[in-house]
Amino acid sequence: MIIVAVIASIAAPRFAQANARQQLDAAARRIASDLEKAQIQARASSNTVSIKFTENQDSYTFTPAVGSSFIVELDERPYQVEIIKVSLGGTDTVTFNGFGVPDTSGVLTLGSSVGQSTVTLDATGSVSR
């Protein structure tokens with residue numbers, strides 16, 4: 001029984017760190033995916049599509065060309081991360097025009113107990129993490 005307790009006490013922190021790292025990566029992938037989705041929707045509909053980041057609430061609002069807006073809460077499950085910084089040319093919103101070109105470029109920085117991750121949007125709309 002003591003051996004199981006010792007192994008569990010060693011494994012638990014590593015598991016928690018691995019889980020936190022996976023949540024951080026998943027949040028960065030979600031943001032990158034939604035930015036790409038916004039660009040594709042804007043091109044397909046020839047209308048504007050925007051994403052507004054709310055740093056102090058660790059969330060963002062996706063406003064599609066057609067349909068209802070939705071909010072992604074990054075500080076809740078399954079992500080449980082925070083937005084550290086939004087650097088989008090002095091604004092918190094990126095809008096893709098009808099050609100899929102963003103009105104700004106910049107970097108979003110996410111953080112958790114295991115570190116930070118960035119998502120970069122360039123002037124052509126290319127997204128990298």
Item checked: Test: Ser50 is within 30 Å of Pro13 (Cβ to Cβ), of a type outside the set (Val, Ile, Thr) and assigned to a strand (DSSP E or B) -> no
Notebook entry, point to check: Does the range 93-104 include one or more residues that are closer than 25 Å to Thr48 by Cβ, among the aromatic types (Phe, Trp, Tyr) and outside any strand (DSSP E or B)?
Noted result: yes
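I need the full set of residues from the range 105-129 which are assigned to a loop (DSSP other than H, G, I, E, B) and surrounded by 19 or more Cβ atoms within 10 Å (Cβ to Cβ), in order please.
If the condition is that a residue be assigned to a loop (DSSP other than H, G, I, E, B) and surrounded by 19 or more Cβ atoms within 10 Å (Cβ to Cβ), then Gly125 is the only one that fits.
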Notebook entry, point to check: Going by the structure shown, is Gln22 crowded, with 19+ Cβ neighbours inside 10 Å, of a type outside the set (Gly, Ala, Ser) and part of a helix (DSSP H, G or I)?
Noted result: no
Margin query: Cβ contacts < 6 Å: first residue at negative phi, restricted to the range 110-129; second residue part of a loop (DSSP other than H, G, I, E, B), any location; separation 6+ or different chain. Result?
Written below: Leu110/Val81; Ser112/Val81; Val119/Arg129; Leu121/Ser105; Asp122/Ser105; Ala123/Ser105
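Being touching a residue at least 40 places away in the same chain (Cβ under 8 Å) and out of contact with any Gly (no Cβ under 9 Å at 6 or more places or on another chain) is the filter here, so list the residues in the range 21-40 that pass it.
Gln23, Asp25, Ala26, Ala27, Ala28, Arg29, Arg30, Ile31, Ala32
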Note to self: If the requirement is being in a helix (DSSP H, G or I) and modelled with pLDDT of 95 or more, which of these qualifies: Gln17, Gln41?
What the structure shows: Gln41
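Working carefully through the options Asp58, Asp75, Asp122, find the one that is acidic (Asp, Glu) and farther than 27 Å from Gln17 by Cβ. Give the steps one after another, and end with the answer.
Numbers: Asp58 fails: farther than 27 Å from Gln17 by Cβ; Asp75 fails: farther than 27 Å from Gln17 by Cβ.
Residue meeting the stated conditions: Asp122.
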Check: Considering the range 77-89 alone, what residues qualify as being in contact with a strand residue (DSSP E or B) (Cβ under 9 Å, 6 or more places away or on another chain) and either surrounded by fewer than 16 Cβ atoms within 10 Å (Cβ to Cβ) or assigned to a strand (DSSP E or B) (or both)?
Finding: Glu82, Ile83, Ile84, Lys85, Val86, Ser87, Leu88, Gly89
Check: Looking at (1) touching a residue at least 24 places away in the same chain (Cβ under 8 Å); (2) touching a Gly at 6+ places or on another chain (Cβ under 8 Å), can you tell me which one Gly89 breaks?
Finding: (1)
Check: Residue check: is Gly67 open to solvent by less than 20 Å² (accessible area, probe 1.4 Å), assigned to a loop (DSSP other than H, G, I, E, B) and either within 14 Å of Ala28 (Cα to Cα) or not basic (Lys, Arg) (or both)?
Finding: no
Checklist line | Count of the range 39-53 residues which are under 13 Å from the mean Cα position of the chain (by Cα) and either within 22 Å of Phe99 (Cβ to Cβ) or surrounded by fewer than 16 Cβ atoms within 10 Å (Cβ to Cβ) (or both) | finding: 2
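The values are calculated or read from the model by the stated rules, or taken from the named source; none is laboratory data. The shown structure was predicted, so the numbers you read here are calculated from the model rather than taken from an experiment. Cβ coordinates were reconstructed from backbone atoms using ideal geometry, including for glycine residues, and neighbour counts include every protein chain displayed. When the accessible area is computed, the model is the full protein with side chains, heavy atoms only, and any ligands, DNA or RNA have been set aside. Shrake-Rupley method; radii C 1.70, N 1.55, O 1.52, S 1.80 Å.
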